[in-house]
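Right, one structure below, let's go through it.
The values are calculated or read from the model by the stated rules, or taken from the named source; none is laboratory data. Just so it is clear, the structure is predicted and the values come from calculations on it, not from any experiment. Here Cβ is always computed from backbone atoms with ideal geometry, including for glycine, and neighbour counts include all displayed protein chains.
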Amino acid sequence: MIRNASIVAATVAALIAPATIADEGHAGDIGLVVEGGRIRSMLVDAKGFGPEQRAFEGEFGADGVPWFSADPGYDAEPGTFPVGSRVGVRFAAALSVWDGSGFVATSAGGAMSGERLRLSYLSLNAMSGAGPAPGFDLAVQPDGGWHIHPSMELLAAPGAAEPDAGVYLVQLEVYSTDPSIAASESIWLVLNAGASEEEHEAAYVAAREIVDPEDCAADLNADLAVDGNDLGLLLAGWGEPGAADLNADGIVDGNDLGLLLAAWGPCP
């Protein structure tokens with residue numbers, strides 16, 4: 001029954017996504033741009049694309065289907081990719097799980113003995129492995145944009161009835177079939193599968209410390225300095241979630257202002 005529900009949810013998510021492509025990005029999604037010949041990722045918030053970012057968070061079961069999620073999705077604005085090319089996602093590493101102090105293999109026997117992740121979109125499927133693993137790609141829109149919400153299904157370890165609750169780390173790369181565009185650096189999805197919000201937040205903060213160092217997290221406009229421009233962006237997002245939520249507590253407030261002021265000046 002759960003498996004059938006997962007199929008239905010995955011199909012609905014895939015059918016809805018193309019209908020929203022021509023509109024605007026979904027807040028919380030992963031924005032994609034091409035800069036310096038490489039795909040780069042950033043958070044999409046209510047105001048649009050934020051600064052470059054590689055760690056993102058999400059929840060399995062948020063739509064009522066256990067062990068399933070179609071968020072975050074991927075958004076690229078019109079003109080981002082060459083028309084006629086394809087863009088895809090693939091696994092950059094094995095699935096791992098948070099143990100309270102770091103991300104480890106899903107089983108003492110290794111990644112293939114523990115939980116794994118199935119990535120799918122309509123008839124396309126890919127499975128996490130013991131390391132980097134192939135994914136799939138889709139045609140770029142006629143306007144050069146790209147917006148999809150791949151389905152992610154957490155699979156139980158061999159012989160288990162269901163996955164263990166926990167916070168799982170999925171490392172993905174976004175790539176283009178255009179040879180002039182290099183793939184993104186690994187994008188880290190920190191996904192909660194029945195763990196507490198405190199555990200999820202701790203894992204997400206740890207992930208950001210690794211791939212989005214706080215040294216210049218306050219450089220909100222990515223100009224390599226924390227200055228009045230960044231202060232203006234923080235104040236514009238006051239009282240809301242977004243890229244200026246420097247301590248990742250869900251709201252831009254005085255705590256974030258303090259972090260920004262502490263980082264004032266040129267980025268290291």
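Miscellaneous remarks
- Some residue of the stretch 27-37 being within 20 Å of residue 192 (Cα to Cα), among the acidic types (Asp, Glu) and at pLDDT 80 or above: yes
- Check on residue 181, touching a residue at least 24 places away in the same chain (Cβ under 8 Å), over 19 Å from residue 126 (Cα atoms) and not acidic (Asp, Glu): yes
- Within the set 182, 218, the sole residue that is assigned by TED's automatic domain parsing to the domain that holds residue 254, under 29 Å from residue 146 (Cα atoms) and not charged (D, E, K, R) turns out to be 218.
- The strands (runs of 3 or more DSSP E) located wholly in the stretch 72-188 that include 3 or more residues which are under 15 Å from residue 39 (Cβ atoms) occupy 74-76, 86-91, 133-139, 146-148, 166-176.
- Test result for residue 90, in the same structural domain as residue 199 (by TED's automatic domain parsing), at pLDDT 95 or above and in contact with a Pro (Cβ under 6 Å, 6 or more places away or on another chain): yes
- Among the residues examined, residue 201 qualifies as among the charged types (D, E, K, R), in the same structural domain as residue 44 (by TED's automatic domain parsing) and buried (at least 16 other Cβ atoms within 10 Å of the Cβ).
- All positions within the stretch 235-255 that are farther than 20 Å from residue 203 by Cβ and either in the same structural domain as residue 30 (by TED's automatic domain parsing) or within 22 Å of the chain's Cα centre (by Cα) (or both): 237, 240, 242, 244, 252
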